[in-house]
1. Could you identify the single residue in Glu272, Glu314 that is of a type in the set (D, E, K, R), surrounded by 14 or more Cβ atoms within 10 Å (Cβ to Cβ) and closer than 25 Å to Leu215 by Cβ?
2. Ile412 versus (1) within 27 Å of the chain's Cα centre (by Cα); (2) assigned to a strand (DSSP E or B); (3) without any contact (Cβ under 8 Å) to a residue 12 or more places away in the chain: which is the lone unmet condition?
3. Any residue that is modelled with pLDDT of 80 or more, touching a helix residue (DSSP H, G or I) at 6+ places or on another chain (Cβ under 7 Å) and polar (S, T, N, Q) - is there at least one of those in region 339-360?
4. Could you run through region 279-319 and say how many residues are farther than 17 Å from Gly216 by Cβ and either at pLDDT 75 or above or part of a loop (DSSP other than H, G, I, E, B) (or both)?
5. Among the helices (runs of 4 or more DSSP H) contained in region 35-115, which hold 2 or more residues that are within 26 Å of Val402 (Cα to Cα) and of a type in the set (A, V, I, L, M, F, W, C)?
6. Could you list, in sequence order, all residues of region 445-466 that are crowded, with 20+ Cβ neighbours inside 10 Å and within 20 Å of Leu372 (Cβ to Cβ)?
7. Working only within region 64-115, note down all residues that are under 27 Å from Tyr46 (Cα atoms), aliphatic (A, V, I, L, M) and surrounded by 15 or more Cβ atoms within 10 Å (Cβ to Cβ).
8. Take region 368-409 and flag every residue that is over 16 Å from Leu104 (Cα atoms), in contact with a strand residue (DSSP E or B) (Cβ under 8 Å, 6 or more places away or on another chain) and either in a helix (DSSP H, G or I) or free of Cβ contacts under 8 Å to residues at least 60 places away in the same chain (or both).
Amino acid sequence: MAANVVQALAAVLTLLVITRALWYLLWRPYAVARWFEQQGIRGPPYKFLVGSLPDCQRMLVAGRVKDLDTSSHDCITTVQPFFRKWASLYGKTFLYWLGPTPALCTTDIEIVKKVLSDRTDMFQKDYLNPSLEAILGNGVIFANGDDWKRRRKFIHPAFSQEKIKSMSAITLECTQQMMEQWRTQMQESNMQQAEIDMRYDSDDIAMRVIARVMLGKNYREAWEVFMAGREQLKLAAYAFADPPVPGFRYLPTRRNRRTWQLDKLVRSKITEIIKARLASSVYGDDLLGQMLWLQRSGAGANAETLSTEEMVGECRTFFMAGYETSANLITWAMFLLASHPRWQEMVRDEVVQEFPAHKPPLGDGLGKLKLLNMLLWETLRLYGPISFLQRKTASDTILTHVKVPKGTMITIPLVMLHRDKEVWGPDADEFNPMRFQNGFARAAKHSHALLAFSYGPRVCVGQNFAMVEVQIVIATMLKSFSFSLSPTYVHKPSNFVTLTPKYGLPLIVRNLQLTR
């Protein structure tokens with residue numbers, strides 16, 4: 001009798017699970033598609049379980065067949081060809097599918113503005129790809145609601161003007177160390193020039209800077225974390241092509257096992273660093289020391305502080321997001337300077353005029369480098385590190401005239417929006433830093449059209465930190481060296497979590513101090 005009851009309950013449970021799965025994977029997507037179609041929003045048809053992902057992958061592969069000309073900045077071809085095709089078929093706002101999850105892709109500036117300026121926590125951050133959490137940590141970047149407010153309030157002092165000034169000297173020193181390596185390479189080959197991989201060297205400079213800013217004199221302790229993080233980035237890029245099967249990331253595949261191993265290593269290493277600081281009671285004046293001091297000084301009742309586990313997450317965010325954004329901006333800015341010798345000379349002349357002879361490019365004078373700043377904004381427009389932004393609706397809502405159900409992903413394809421001719425003018429596909437000559441807000445028809453650092457309350461907290469760092473790096477290098485593209489360079493921007501040159505950035509670097 002009891003066995004019959006158990007079998008009956010098991011049958012009912014199985015039926016409920018199957019019914020729920022069919023509802024989620026089959027009935028709901030078609031119902032949502034009809035719901036949007038009645039409102040004039042269409043898109044590629046939903047495919048059972050996989051959604052639009054196979055089509056995305058197929059178009060990506062096709063788009064990567066041909067290399068781009070170095071004068072072409074049309075990286076939509078190699079990064080988001082599916083968004084371009086669907087936008088041409090269905091308009092500025094269309095529906096596509098991330099597995100069984102509905103996603104609205106839009107370049108409608110009014111919708112974009114409403115999503116990013118929202119302060120009600122309606123449009124939430126969401127990893128979507130769980131592999132990113134293992135890299136960036138559960139830190140301020142992806143926190144939501146009161147948790148995000150608490151974290152941002154806690155870490156905001158880390159990016160004060162005083163901290164940025166102290167970071168400047170570190171950036172200068174790390175850049176000079178890299179330049180000395182170039183000189184050594186030239187001396188050993190008995191030549192006045194050398195070929196370098198600017199992508200690799202940008203990574204090296206940015207990693208050294210963020211490690212020293214984060215850990216001060218003990219920055220070498222972070223090197224193993226960085227090396228593991230770079231491997232995690234590669235694994236996360238491959239994970240975007242995984243089938244959208246619930247629980248797939250828990251399967252013991254070779255890649256998943258390696259991901260778990262790296263995650264454990266990074267967590268344990270950062271935890272060891274934090275515990276060692278706490279045990280010594282000497283927190284230090286670096287970013288970690290400041291966070292630990294705030295944690296201990298605010299440890300009383302009702303204090304807003306972070307647990308050790310949360311601090312591990314913030315450290316991971318600083319380590320990876322802190323260096324990746326800067327490294328990408330340096331890389332692509334140097335690509336554009338090497339591709340446009342006239343602009344390289346103009347920016348160099350400006351730097352030398354403001355910082356003559358042995359005066360290092362530090363302090364308030366950086367704000368006077370107008371041409372360099374224009375170049376960096378144009379670099380962020382054409383080759384920003386993040387190719388899209390995403391938010392997830394916390395409940396049913398209305399976006400301008402569109403009713404959007406709970407759980408819908410809102411995708412903002414930055415590489416398309418930053419090339420929208422209705423926003424940026426007929427030369428939107430071209431390199432033209434002069435569009436920023438009257439300031440950031442007047443470069444396009446909308447004052448907040450450049451979204452490389454996002455916009456609104458969730459704007460990147462490290463924006464000023466990254467911009468000052470990159471200004472110092474490029475200004476310092478241009479004072480002593482000239483750069484041109486190596487004949488071996490292949491122009492193929494790829495979305496490898498962030499936008500990077502697929503085959504690196506080989507440059508010919510010449511020592512100006514020897515040629516003058």
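The values are calculated or read from the model by the stated rules, or taken from the named source; none is laboratory data. All figures in this text were calculated on a predicted structure; none of them were measured in a lab. Cβ sites come from the backbone with ideal geometry, for glycine too, and all protein chains shown count toward neighbours.
1. Working: Glu272 fails: surrounded by 14 or more Cβ atoms within 10 Å (Cβ to Cβ).
From the options Glu272, Glu314, the qualifying one is Glu314.
2. Looking at each condition in turn, Ile412 falls short on (3).
3. The initial filter retains those residues of region 339-360 that are modelled with pLDDT of 80 or more, namely 339-360.
Imposing the further condition that a residue be touching a helix residue (DSSP H, G or I) at 6+ places or on another chain (Cβ under 7 Å) reduces the set to 343-344, 346-348, 350-352, 354-355, 360.
Checking the rest, the ones that are also polar (S, T, N, Q) come to 344.
Among the residues of region 339-360, at least one is modelled with pLDDT of 80 or more, touching a helix residue (DSSP H, G or I) at 6+ places or on another chain (Cβ under 7 Å) and polar (S, T, N, Q), which makes the answer yes.
4. 17
5. Fully inside region 35-115 and qualifying: 53-63, 81-90.
6. Taking region 445-466 first, the residues crowded, with 20+ Cβ neighbours inside 10 Å are 449-452, 455, 458, 462, 465-466.
Hits for region 445-466 are Leu450, Ala452, Gly462, Phe465, Ala466.
7. Answer for region 64-115, where residues must be under 27 Å from Tyr46 (Cα atoms), aliphatic (A, V, I, L, M) and surrounded by 15 or more Cβ atoms within 10 Å (Cβ to Cβ): Ile76, Val79, Ala87, Leu95, Leu98, Ala103, Leu104, Ile109, Ile111, Val112, Val115.
8. Scanning region 368-409 gives a single hit, Tyr383.
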